[in-house]
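The values are calculated or read from the model by the stated rules, or taken from the named source; none is laboratory data. Just so it is clear, the structure is predicted and the values come from calculations on it, not from any experiment. Virtual Cβ from ideal backbone geometry, glycine too; neighbours counted across all protein chains shown. Only protein heavy atoms, including side chains, enter the accessible area calculation; ligands, DNA and RNA are left aside. Shrake-Rupley method; radii C 1.70, N 1.55, O 1.52, S 1.80 Å.
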Amino acid sequence: MKKGYSFEGVVNGARFPNTGIITGYDKEIRLKGVLKGTEGLVRISRQKKNYYEAKMVEVYNKSPLETEAPCPHFGICGGCTYQELTYKNELKYKEEQVRTLFKEAGIDTHIEEIEPSPDIKYYRNKMEFTFGDEYKDGPLSLGMHRRGKFYEIENVENCNIAGEDFTKILTNSLDYFKGTDLTFYNKRSHIGNLRNLVIRKSITTGDILVNLVTSGQKGIEYENFKEMLLQIDLDGRIVGIIHTINDGVADIIRPDETTVIWGQNFIMEEICGLKFKISPFSFFQTNTNAAERLYEITQEFIGDIKDQVVFDLFSGTGTISQIMAQVAKEVVSVELVEEAVEMAKRNAELNGIENIEFIAGDVFKVLEDIDKKPDLIVIDPPRPGLENSIEKVLEFNPETYVYVSCNPTTLVRDLKRFMEKGYKIERIKLVDQFPRTPHVEAITLLVK
């Protein structure tokens with residue numbers, strides 16, 4: 001089959017993350033974002049070595065899994081993918097895709113039943129909204145990128161994974177900036193002011209931190225913006241308003257300069273009986289209640305470590321480090337982002353924990369200089385997985401590893417290397433941290 005070839009087909013399988021597949025041809029056909037069971041007109045868009053990429057250009061019959069989507073933005077907003085599934089079917093669908101990954105990789109292991117999120121709606125504790133236009137040369141918009149679009153922004157005033165406080169701040173901020181002469185930062189011309197509005201809210205304390213991100217091309221008048229925010233009737237309470245200047249051309253939030261407009265530059269969160277200060281750019285799990293279950297299951301996997309030296313790699317703000325330090329002999333916590341390490345140190349002081357050594361630096365380089373022998377290594381890497389640090393991690397050869405992964409695809413790749421080095425998968429369990437999206441966390445216990 002060549003590019004542009006069209007045929008009528010039924011999606012008869014699923015591949016992680018959220019990719020429908022059609023088999024029965026000379027190569028597998030993959031359709032990103034199409035549910036298993038969907039029937040329609042398929043068009044080949046690209047030929048790869050081992051598979052075809054295709055699009056469903058016309059749907060004849062929806063998947064039997066589909067129900068009416070409860071969010072009015074679904075299908076337009078690119079934030080969610082599984083709004084049209086019942087939660088029970090969503091969990092089964094995620095499980096199926098992960099099990100397929102392991103089967104195709106030749107890893108024969110029992111994957112325990114997926115742990116559901118305690119909350120399905122309004123679970124997010126952080127939202128990054130983007131300024132733009134609803135369509136080319138259209139009115140100012142603030143919300144999420146439209147599905148499949150790089151420039152157009154969908155207002156999401158009825159988002160059902162972010163709580164009402166998020167949408168109140170969003171809609172009031174949009175109305176405010178529509179009344180100013182400020183323009184959104186144009187990603188084509190790199191001209192303009194308004195880039196992002198980032199809101200963090202503590203699920204346990206109700207603290208809210210608002211971060212306005214702009215370019216440095218024009219001064220921002222703070223006072224009226226601050227007063228507008230403080231007058232909004234919210235369930236939580238705004239404890240800090242900050243302004244970040246970001247002049248990078250990439251569509252990511254990179255703080256060149258940060259100013260506290262009002263209040264403080266952090267919120268307080270509580271998890272597993274510990275308190276955490278979360279700063280504007282600290283990594284913290286976006287689903288607090290599900291994260292607590294993730295850490296409880298991780299503790300269960302780890303077991304008794306009272307006399308053990310533990311390494312926590314890619315440790316972020318040190319959540320897992322502090323949970324383990326309460327029962328371990330000593331914890332070495334390694335994280336690349338210096339701000340996160342500084343916040344982790346403060347959080348350990350806040351919780352009265354003293355048996356953690358915090359190290360800021362690239363895991364691969366830091367491990368070359370550590371002379372301690374760990375009994376257990378906990379790994380919680382970013383989406384690309386261990387990459388070039390895996391051999392250095394394996395050199396320590398502890399009795400046990402616990403691998404917490406947010407990307408089953410790179411997890412499977414890395415687990416094969418652990419198994420080659422003589423480790424076996426003792427347990428593996430999925431935890432749904434991200435309802436209504438294709439993402440899922442996996443906790444794996446590896447024993448020598």
Checklist outcome for this item: Expressed in nanometres to one decimal, the distance between label points 7 Å along Cα→Cβ at Glu53 and Tyr87 is 3.5 nm
Item to check | Selected from Leu142, Ile44, Tyr123, residue furthest toward positive end of dipole (segment 36-164; charges at beta carbon) | outcome: Ile44
Checklist outcome for this item: note: segment 21-119, Cα-Cα separations exceeding 24 Å make up a percent value of 34 percent
Checklist outcome for this item: Under 5 Å from the placed amide H of Glu152, counting only residues 5+ away or on other chains, we find Arg146
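Here is the link list: Lys103/Lys424; Lys27/Lys62; Lys92/Lys149. Which ones come out longer than 27 Å on Cα distance?
From the list (Lys103/Lys424; Lys27/Lys62; Lys92/Lys149), the Cα-Cα distance tops 27 Å for Lys92/Lys149.
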Checklist entry - Put +1 on the Cβ of each Lys and Arg and -1 on the Cβ of each Asp and Glu in the chain; which of Leu35, Phe177, Pro435 then has its Cα farthest toward the positive end of the dipole? => result Leu35
Item to check | Loop-resident sites, segment 342-372, for GluC sites (Glu not before Pro), counting at most 16 other Cβ within 10 Å (DSSP) | outcome: Glu354
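Let me know the shape class of the chain, please: from the alpha-carbon gyration tensor, a ≥ b ≥ c as square roots of the eigenvalues, rounded when a/c is under 1.5, otherwise prolate if a/b is greater than b/c, or oblate.
Working: a/c = 1.80, a/b = 1.04, b/c = 1.73.
Oblate.
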Item to check | Residue-normalised accessible area of segment 176-296, expressed per residue, 1.4 Å probe, Å² | outcome: 43 Å²
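On a full-extension model of 0.36 nm per residue, what is the gain between Gln217 and Ser189, subtracting their alpha-carbon distance, rounded to one decimal in nm?
Numbers: separation 28, 0.36 × 28 = 10.08 nm, distance 1.29 nm.
Full extension of this stretch gives 8.8 nm more.
Helix-derived [θ] at 222 nm for the chain: sum -39500 (n - 2.57) over DSSP H runs of at least 4, divide by residue count, nearest 500? Show your work: numbers first, answer last.
Values: 9 runs with 103 residues, N = 448.
For the chain, the value works out to -7000 deg cm²/dmol.
Between Asp233 and Thr67, take the C-beta separation as r, use R0 = 41 Å, and let me know the FRET efficiency to the nearest 0.05. Each step should come with its number before you reach the end.
On the way: r = 34 Å, r/R0 = 0.82.
Between Asp233 and Thr67 the formula returns 0.75.
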Item to check | For a label point 7 Å along the Cα-to-beta-carbon line of Glu112, residues of segment 359-396 with backbone N under 20 Å | outcome: 376-381
Checklist outcome for this item: Mean separation of Cα contacts under 8 Å (at least 6 apart) over the residue count of the chain, i.e. the relative contact order in percent, is 12 percent
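Ranked from the most accessible area to the least, with a 1.4 Å probe and all protein chains present, what is the order of His110, His243, His145, His190? Display every interim value, and only then the final one.
Numbers: His110 135, His243 10, His145 50, His190 70 Å².
Heavy-atom accessible area, descending, gives His110, His190, His145, His243.
Report, to one decimal in Å, the Kirkwood hydrodynamic radius for segment 298-448 based on all distinct Cα pairs.
Taking the inverse mean of 1/r over all distinct Cα pairs, segment 298-448 comes out at 15.5 Å.
What's the ranking of 50-57, 174-181 by average number of surrounding C-beta atoms within 10 Å, highest first? Please report the intermediate quantities before stating the final value.
Details: 50-57: 16.8, 174-181: 13.8.
Final packing ranking: 50-57, 174-181.
So, with +1 on the Cβ of K and R and -1 on the Cβ of D and E, and no other charges, what is the size of the charge dipole of the chain about its Cα centre, to the nearest 20 debye?
Values: 57 positive and 70 negative charges, 357 e Å.
The calculated dipole for the chain is roughly 1720 debye.
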Next on the checklist: Going by average Cβ density within 10 Å per residue, which order do the peptides 306-317, 29-40, 244-255 take, highest to lowest?
Outcome noted: 306-317, 29-40, 244-255
Next on the checklist: Can you classify segment 334-376 as rounded, prolate or oblate using the Cα gyration tensor, where a ≥ b ≥ c are the square roots of its eigenvalues, rounded means a/c under 1.5, and otherwise it's prolate if a/b beats b/c and oblate if not?
Outcome noted: oblate
Checklist entry - What residues from segment 32-64 fall in the zone where the backbone N is under 12 Å from a label point 7 Å along the Cα-to-C-beta line of Glu8? => result 39-42, 60-61
Checklist outcome for this item: Given unit charges at Cβ for Lys, Arg (+) and Asp, Glu (-), the dipole magnitude of segment 257-416 about its Cα centre in debye, nearest 20, is 320 debye
Next on the checklist: Cα atoms only: what Rg and Dmax, in Å, come out for segment 103-260?
Outcome noted: 18.0, 61
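What ranking do 422-434, 131-143 get when scored by the average of other Cβ atoms within 10 Å per residue, highest first? Mind dumping the intermediate values first?
Numbers: 422-434: 19.3, 131-143: 17.0.
So the peptides 422-434, 131-143, ranked by packing, come out 422-434, 131-143.
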Checklist entry - Under a straight-distance cross-link criterion of Cα-Cα below 30 Å, which lysines are reachable from Lys277, leaving out those fewer than 8 residues away in the same chain? => result Lys121, Lys126, Lys168, Lys201, Lys226, Lys306, Lys329, Lys345, Lys365, Lys372, Lys429
Item to check | Glu104 accessible area, 1.4 Å probe, all protein chains in place, Å² to nearest 10 | outcome: 110 Å²
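What's the carbon and sulfur percent of the chain's accessible surface, probe 1.4 angstrom, rounded to a whole number?
Values: 9420 of 20220 Å².
Carbon and sulfur together cover 47 percent of it.
Taking each pair of distinct Cα atoms in segment 341-402 once, what is the resulting Kirkwood hydrodynamic radius in Å?
Working: mean 1/r = 0.0753 Å⁻¹.
Over segment 341-402, the inverse of the mean reciprocal pair distance is 13.3 Å.
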Next on the checklist: What are the extents of the Cα atoms of segment 1-68 along their three principal axes, in Å, largest first?
Outcome noted: 36, 23, 18
